[in-house]
Amino acid sequence: MADIDCDIVGGDWDADIDWDVLAEQAVRAALSGAGADFGRGMVEVSVRLTDDAEMQRLNNDYRGKDKPTNVLSFPMHDADVLAGWAEAGETDLLLGDLALGHETVVREAAEKGITVEAHVTHLLVHGTLHLLGHDHQNDVSAQAMEALETRILAGLGIDDPYVERHGTMVDESR
């Protein structure tokens, strides 16, 4: 079971979009697509939709990069610890937090010629995979993570966000 809590705390997020439902679908798809099985325990993920000013502060405070970014992931556990949780069975697990910056997300979606909803879905899948321990620190891990993201997004009806790289789009979050 999964509990996804989505809060809008900043930015001009479109009120006509049900961000709670979108976050729930994206995070659940990422958990399922990555094969995350935590038994009967409750897995919790917090999604924070905010503005670029807060994202810049968070990015500077936690990554030493004094600029806004599209998504930040704050995992609560290392990947090796997560493997043990699955074996434990019924233990509840706070997986981590995700934050998305409105202005950057909207600008990137426009540059890519896709909907904000599709881009947010991609970023939530990407961020959730980080919470599960996936990374893109080198070419091998980046290719594996991108392939997993692409497969999960296809299941949600979203085109390959890396289509230009797989044939080479630049992932700005790297």
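Here the dipole of the chain is about 420 debye; that uses its Cα centre as origin and unit charges on the Cβ of Lys and Arg (positive) and Asp and Glu (negative).
DSSP beta bridges fully contained in segment 2-155 are about 25 percent antiparallel.
The string of couplings for segment 52-69 from the Karplus curve (6.51, -1.76, 1.60, θ = phi - 60°) is 5, 4, 5, 4, 5, 4, 5, 4, 5, 5, 9, 10, x, 10, 8, 7, x, 9 Hz, one whole number per residue in order, with x for Gly and Pro. Computed from phi, the 3J(HN,Hα) profile of segment 125-130 under the Karplus parametrisation 6.51, -1.76, 1.60 (θ = phi - 60°) reads 4, 4, x, 5, 4, 4 Hz, with x in place of Gly and Pro.
Please rank Asp14, Asp97, fewest neighbouring Cβ atoms within 10 Å first, as an exposure proxy.
Asp14, Asp97
Among Met55, Met1, the order by Cβ neighbours within 10 angstrom, fewest to most, reads Met1, Met55.
If you take the alpha carbon atoms of segment 2-155 and fit the smallest convex hull around them, that volume is 115 Å³ per residue. For segment 111-117, the Karplus equation 6.51 cos²θ - 1.76 cosθ + 1.60, evaluated at θ = phi - 60°, returns couplings of 4, 7, x, 10, 6, 4, 4 Hz by residue, with Gly and Pro reported as x.
Considering only Gly157, Val9, Gln137, the residue lying farthest towards the positive end of the dipole of the chain is Gln137, judged by Cα position with unit charges set on Cβ. Between amide H atoms placed 1.01 Å from N, distances below 5 Å from Ala2 occur with Val43, all of them 5 or more places distant or on a separate chain.
Only the coordinates and a few stated rules stand behind these numbers; no lab work does. Just so we're clear, the structure is a prediction, and the values are computed from it rather than from any experiment. Virtual Cβ from ideal backbone geometry, glycine too; neighbours counted across all protein chains shown.
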